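Below: the structure, in structure tokens.
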Amino acid sequence: MGAGSKLSREEIEQALATLSGWSLAEGKLHREFRFPDFVRAFGFMARCALIAEAMDHHPEWCNVYGRVSVDLITHTAQGVTARDVELAQRMNELAD
Ligand code: HBI
């Protein structure tokens, strides 16, 4: 499936302006989500997993108790694409 093309640094900066909590770290979109406890964190991850699978676009992430650290990159494009921006937006919506 086409992953779309890599966004330029400028396009990424523009997208980040609309993505609360996200930054560019080591060439990937990055955000640390914090939840009150493990069950809330894992519930968030479960909801994200269903979205990610439906998008066929998957996060790199790590969970420790209430913290979920997320990095988004499009592996086939070896960079950040519109798909990463879309998944970041969806994850923000699910974290509300
Ligand atoms: N997820 N983040 C990310 N990047 C990909 O390139 C990617 C993916 N999920 C599935 C996927 N690619 C597959 O479409 C291919 O690996 C077949």
Exercise for the section: Could you pull out every residue, at least 5 positions away or on a different chain, whose amide H is within less than 5 Å of the one on Arg67? Hs are placed 1.01 Å off N in the peptide plane, and Pro or chain starts have none. Expected result: Phe35
Fill in the blank from the handout: SASA check, Cys48, accessible area w/ 1.4 Å probe, all protein chains in place, rounded to nearest 10 Å², comes out at 0
Handout entry: Summed residue charge, Cβ within 11 Å of Ile73's Cβ, Lys/Arg positive, Asp/Glu negative
Key = -1
Completion exercise
Per principal axis, largest first, the Cα atoms of the chain extend in Å by 37, 26, 20
Problem - Under Karplus coefficients 6.51, -1.76 and 1.60, residue-wise ³J(HN,Hα) of the stretch 43-56 in Hz, glycine/proline x - result: x, 4, 5, 5, 5, 4, 4, 5, 5, 4, 5, 5, 7, 6
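Given Cβ point charges of +1 (Lys, Arg) and -1 (Asp, Glu) and nothing else, what value in debye, to the nearest 20, does the dipole of the chain about its Cα centre take? Could the numbers behind the result be given before it?
Details: 10 positive and 14 negative charges, 35 e Å.
Roughly 160 debye, rounded to the nearest 20.
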Exercise for the section: Quote the accessible area belonging to Lys6 in square angstrom, nearest 10, computed with a 1.4 Å probe and with ligands, DNA and RNA left uncounted. Expected result: 120
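The values are calculated or read from the model by the stated rules, or taken from the named source; none is laboratory data. Note that the coordinates shown come from a computational prediction; the quantities given were computed from them, not determined experimentally. Every residue, glycine among them, receives a Cβ derived from its backbone with ideal geometry; neighbour counts consider all protein chains shown. Only protein heavy atoms, including side chains, enter the accessible area calculation; ligands, DNA and RNA are left aside. Shrake-Rupley method; radii C 1.70, N 1.55, O 1.52, S 1.80 Å.
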